[in-house]
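Take a look at the structure set out below.
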């Protein structure tokens, strides 16, 4: 095929030079008007607030997604992000409400979910019978419960024991499989989700608002971060995703309805969580099949069982997730003898 060019060679060269000069000048003007942003440990561009529904807000940019529930008399915060963003997050919260921060919930013990605990405990409101310490020497009834000033921590027993952030003395409500409930202009239910990311994961369900804060149980930005050293398992992770899905109700055509605020990433609905559950289940099945065939870890990694999902979730090509799943499943799956 031949192309007919209706402009002479000299005219073509002149047009190219003129275009290049225009682009050079335009780029210079653009750079002059739009300088490169300067990175800062606490840039006001980091923190963004999204109103989800009713009194529930999603705060992003602080290391993890923070969920804010503004009730009639007080505020509940789910996860607190990294410590370096605490002042900025607190300033954004005060733009929404001046009610006392009564409860701070941690869905996991991970530092990016608990780093701001100390700041929010100190900024929080004390429960009615809080004192400056435990039973005083002159207290007649030494068995009487004295609550500490500041916000109250709500988390699972396992997660509370692993939190490394120095939060000082704080009143804490810990729970196991029985969960925990309170009322903040709507029922707020805390569920222990079992051995998933760790064995201390929890989610928080704001029932009237129809919003769930899922913590590290669901992460649309990457493959599951399973911590076997802290009791996490691939089977428990999938079971917990199925339990989460059982709570979600779509509005129409699998869109909208119950919203999920994940530990990281974008606001999601049932369809998003179902797709994530499916990919985790498919990858688990692939690796299990390879183990039954007698493949070693190196062979499984080389086979790339996550390949078709790596473009969305695999920053490292799925290697870390593959290794965790392989080691977890290899303990219970016996390779088949080849005939």
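The values are calculated or read from the model by the stated rules, or taken from the named source; none is laboratory data. All values derive from a computational prediction rather than experimental measurement. Using ideal geometry, Cβ is built from the backbone for each residue, glycine included, and neighbour counts are taken over all protein chains shown.
Mind counting the residues in region 239-258 that are within 18 Å of the chain's Cα centre (by Cα) and not in a helix (DSSP H, G or I)?
2
Could you list all residues from region 183-211 that are under 27 Å from residue 251 (Cβ atoms) and part of a strand (DSSP E or B)?
183, 187, 188, 189, 190, 191, 202, 203, 204, 205, 206, 211
With the condition kept exactly as written, say whether any residue in region 43-65 is more than 24 Å from residue 259 (Cα to Cα), more than 23 Å from the chain's Cα centre (by Cα), in a loop (DSSP other than H, G, I, E, B) and at pLDDT below 95.
Of all residues in region 43-65, those more than 24 Å from residue 259 (Cα to Cα) come to 43-45.
Next, only the ones that are more than 23 Å from the chain's Cα centre (by Cα) stay: none.
No: region 43-65 contains no residue that is more than 24 Å from residue 259 (Cα to Cα), more than 23 Å from the chain's Cα centre (by Cα), in a loop (DSSP other than H, G, I, E, B) and at pLDDT below 95.
Just give me the residues in region 295-339 being assigned to a loop (DSSP other than H, G, I, E, B) and surrounded by 12 or more Cβ atoms within 10 Å (Cβ to Cβ), in sequence order.
295, 296, 304, 305, 306, 314, 316, 317, 318, 333, 335
Among residues belonging to region 259-271 that are surrounded by fewer than 21 Cβ atoms within 10 Å (Cβ to Cβ) and closer than 15 Å to residue 223 by Cβ, point out the one that is nearest to the chain's Cα centre (by Cα).
Among residues in region 259-271 that are surrounded by fewer than 21 Cβ atoms within 10 Å (Cβ to Cβ) and closer than 15 Å to residue 223 by Cβ, the one nearest to the chain's Cα centre (by Cα) is 264.
List every residue pair whose Cβ atoms lie under 7 Å apart, where the two residues are 6 or more positions apart in sequence or sit on different chains, the first residue falls within region 235-257 and is closer than 16 Å to residue 205 by Cβ, and the second residue, located anywhere, is loosely packed, with under 14 Cβ neighbours inside 10 Å.
Between residues of region 235-257 that are closer than 16 Å to residue 205 by Cβ and residues that are loosely packed, with under 14 Cβ neighbours inside 10 Å, the close pairs are 257/249; 257/251.
Among the numbered criteria (1) buried (at least 20 other Cβ atoms within 10 Å of the Cβ); (2) out of contact with any helix residue (DSSP H, G or I) (no Cβ under 8 Å at 6 or more places or on another chain); (3) not in a helix (DSSP H, G or I), which single criterion is violated by residue 236?
Going through the list (1) buried (at least 20 other Cβ atoms within 10 Å of the Cβ); (2) out of contact with any helix residue (DSSP H, G or I) (no Cβ under 8 Å at 6 or more places or on another chain); (3) not in a helix (DSSP H, G or I), residue 236 breaks only (3).
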